[in-house]
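The values are calculated or read from the model by the stated rules, or taken from the named source; none is laboratory data. The shown structure was predicted, so the numbers you read here are calculated from the model rather than taken from an experiment. Positions of Cβ are backbone-derived with ideal geometry, glycine not excepted, and every protein chain shown enters the neighbour counts.
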Amino acid sequence: MESPFKADTVKGKVGLITGGGSGIGFEITKEFGKHGASVAIMGRRKSVLDSAVSSLRCLGIQAIGFVGDVRKNEDATRVVDETFQHFGRIDILVNAAAGNFLVPAEDLSPNGFKTVMDIDTVGTFRMCHEALKYIKKGGLGREGTSGGGTILNISATLHYSATWYQIHVSAAKAAIDAMTRSLALEWGTDYDIRVNGIAPGPINDTPGLSKLDPHEIQSGAPVHRFISGEKWDIAMAALYLASDAGKHINGTILVVDGGDWFNRASH
Ligand code: HXC
């Protein structure tokens, strides 16, 4: 689908996207690039990053990939520094890296719980914390535009009610939403950095949906027909929040789910 935004919506900005090599993270990266940003992507698998970077470059996008695990302090420091060295600024950080598997709470080991918290929640905090020194210098500050950089944290709607076999991910995403508001308060006030979240509902063609979808049918849980969206829907929300169109939005979690979660809750 064609973007309703102008091609220069985020022109001149530099975005660092964790989990940017695949899924929702890649779609956000691609749309940022198509609307004028330079992009760095961080992920664990070199082959995934390499193919993502080459398809971005084929679209004429200035892109670079850095191998790294958001669970490691040294990787976070290195990737943030290398992004700054390569592009000379960081204006936008998107935390899209996430871990997920379906498991009944009874069968989930504390280490399995901790693993997802480490990737999603602590990983998000770690990247925000590392990138702050550059993002607070960032932002284009053009006349009449937002001066500071911006952070987008991708969460979910799983925790708005309760979701079968997702105790660890629900806890991790709820914590991300809380962190988004705390950082929006502190860094919005101190540095003019806007920190917002996006809570996608079920999104077609992503690992999240392919894991959940068949499960809900087989588990004995009440069958619910998902209202599912496209990765493009999330990328458009990200573009809006990261651009000057969103310059007065701070500390918001934008639900992008076509009404799925309250539809589920009402059954
Ligand atoms: C139960 C599991 C498990 C599983 C791992 N563990 N997979 N427990 N069922 N399927 C437990 C292990 O037993 C271990 O605990 C601990 O977790 C660490 O496992 P490792 O395999 O050593 O960890 P690692 O190799 O680092 O892999 C972690 C991973 C990751 C979380 C499984 O590889 C991963 O997330 N892969 C999938 C990525 C993905 O699907 N991303 C999309 C996210 S979608 P013990 O106690 O044995 O040591 C999303 C949106 C949700 O987030 C919303 C949907 C609508």
Suppose we filter 224, 248, 215 for residues that are in a loop (DSSP other than H, G, I, E, B), surrounded by fewer than 17 Cβ atoms within 10 Å (Cβ to Cβ) and modelled with pLDDT under 95; which single one remains?
224
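Go through the residues of region 78-97 one by one and say whether even a single one is farther than 18 Å from residue 131 by Cβ, modelled with pLDDT of 95 or more and surrounded by fewer than 20 Cβ atoms within 10 Å (Cβ to Cβ).
Of all residues in region 78-97, those farther than 18 Å from residue 131 by Cβ come to none.
No: region 78-97 contains no residue that is farther than 18 Å from residue 131 by Cβ, modelled with pLDDT of 95 or more and surrounded by fewer than 20 Cβ atoms within 10 Å (Cβ to Cβ).
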Filtered residues of region 77-114 (kept if within 16 Å of the ligand (Cβ to nearest atom), assigned to a helix (DSSP H, G or I) and touching a residue at least 40 places away in the same chain (Cβ under 8 Å)):
105, 112, 113
Being crowded, with 23+ Cβ neighbours inside 10 Å, modelled with pLDDT of 95 or more and within 9 Å of the ligand (Cβ to nearest atom): is that true of residue 169 here?
yes
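Identify all residues within region 59-77 that are touching an Asp or Glu at 6+ places or on another chain (Cβ under 6 Å) and closer than 17 Å to residue 129 by Cα; write none if there are none.
Quick first cut of region 59-77, residues touching an Asp or Glu at 6+ places or on another chain (Cβ under 6 Å) only: 66, 68-69, 71, 75-77.
Scanning region 59-77 gives 68, 69, 71, 75, 76, 77.
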Inside region 56-74, can you point out the residues that are in contact (Cβ under 8 Å) with a residue 24 or more places away in the chain and assigned to a helix (DSSP H, G or I)?
56, 73
Is there a residue in region 111-121 that is touching a Phe, Trp or Tyr at 6+ places or on another chain (Cβ under 6 Å) and at pLDDT 95 or above?
no
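For region 152-162, give me each residue that is surrounded by fewer than 23 Cβ atoms within 10 Å (Cβ to Cβ) and either touching an Asp or Glu at 6+ places or on another chain (Cβ under 9 Å) or among the small types (Gly, Ala, Ser) (or both). Let's see the steps before the verdict.
Filtering region 152-162 down to residues surrounded by fewer than 23 Cβ atoms within 10 Å (Cβ to Cβ) leaves 157, 159-162.
Within region 152-162, 157, 159, 161, 162 meet the criteria.
Looking at 149, 141, can you tell me which residue is surrounded by fewer than 21 Cβ atoms within 10 Å (Cβ to Cβ) and either away from the ligand (no atom under 11 Å from the Cβ) or modelled with pLDDT of 95 or more (or both)? It would help to see each step written out before you state the result.
Working: 149 fails: surrounded by fewer than 21 Cβ atoms within 10 Å (Cβ to Cβ).
Going through 149, 141 in turn, the sole match is 141.
Are any of the residues in region 185-197 crowded, with 20+ Cβ neighbours inside 10 Å, closer than 24 Å to residue 244 by Cβ, of a type in the set (Lys, Arg) and more than 16 Å from the ligand (Cβ to nearest atom)? Please lay out each step first, then the result.
The initial filter retains those residues of region 185-197 that are crowded, with 20+ Cβ neighbours inside 10 Å, namely 187, 193-197.
So of that shortlist, the ones also closer than 24 Å to residue 244 by Cβ come out as 187, 193-197.
With the extra rule that they be of a type in the set (Lys, Arg), the set shrinks to 194.
Still in the running and more than 16 Å from the ligand (Cβ to nearest atom): 194.
Looking for residues that are crowded, with 20+ Cβ neighbours inside 10 Å, closer than 24 Å to residue 244 by Cβ, of a type in the set (Lys, Arg) and more than 16 Å from the ligand (Cβ to nearest atom), one finds at least one in region 185-197, hence yes.
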Examine region 118-128 for a residue that is part of a helix (DSSP H, G or I), among the acidic types (Asp, Glu), buried (at least 16 other Cβ atoms within 10 Å of the Cβ) and more than 8 Å from the ligand (Cβ to nearest atom), and state whether such a residue exists.
yes
